[in-house]
Amino acid sequence: MNVPRGEVVAIVTGGASGTGREVARGTAGWGWAIVVVYLEHQRSAEATVAEIFAAGGRTVSVRADLADDLDVERLFAESISAFGRVDVVVHTTNGSASHLYQHAARHVREAGAIVSVTPAERISPGIARLVRERGITVGRAPSGAVLSFLDTWRRRAIG
């Protein structure tokens, strides 16, 4: 399944600073709609959102505790409400990603992508089976290679 050009929606955890911020700004520069996820640094998240808006991008910020299943469920609900779907999840924060992977497996669009910068726990066998069945690309990339990973996915998915 091809993703329509310029209509990619990405959730970026840790989008308020560091690698997450760079990924959010870089992918917004490709015309992607970005969900900036933060837990404690609302002002930094707002600054990232303001930069993306100033450059003509589409973005929202969502506060979510990735260790809380209901927060992660709400993250996906708000993302889908804002942009209609989720194509990509980029996980750049430390800590557990099990809830994030669980919801991403169900809500990321077929042929979408999930990439993690951190050496988070492995995806459970049940979730791995679901992402395979849905054709979702799953990978890890060091912080300096995330945009390259996503660009490779984008070229293949968009055609």
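Computed from the coordinates by the stated procedures, all read-outs in this text should not be read as laboratory data. These numbers come from a predicted model, not from an experiment. Positions of Cβ are generated from backbone atoms using ideal geometry, with glycine treated the same way; all protein chains shown enter the neighbour counts.
Label the chain by shape, choosing from rounded, prolate and oblate, from the square roots a ≥ b ≥ c of the eigenvalues of the Cα gyration tensor; if a/c is under 1.5 it is rounded, and otherwise prolate applies when a/b is larger than b/c, oblate when it is not. In terms of gyration-tensor shape, rounded. A straight chain from PHE53 to SER124 at 0.36 nm per residue would run longer than the Cα-Cα distance by 21.9 nm. Of the peptides 29-38, 78-87, 139-148, the order by per-residue mean of other Cβ atoms within 10 Å, starting with the highest, comes out as 29-38, 78-87, 139-148.
Taking 0.36 nm per residue of separation and subtracting the Cα-Cα distance, full extension of the segment from LEU70 to THR152 would add 26.3 nm. Placing a label point 7 Å from the Cα of GLU40 along the Cα-to-Cβ direction, the residues of segment 76-95 whose backbone N falls under 15 Å from that point are 93-95. Where a ≥ b ≥ c are the square roots of the eigenvalues of the C-alpha gyration tensor, would you call segment 1-72 rounded, which needs a/c under 1.5, or, failing that, prolate if a/b is larger than b/c, or oblate? Oblate shape, in that a/c is at least 1.5 and b/c is the bigger or equal ratio. Take the Cα of GLU133, step 7 Å toward its Cβ, do the same at ALA145, and the gap between the two points is 3.1 nm.
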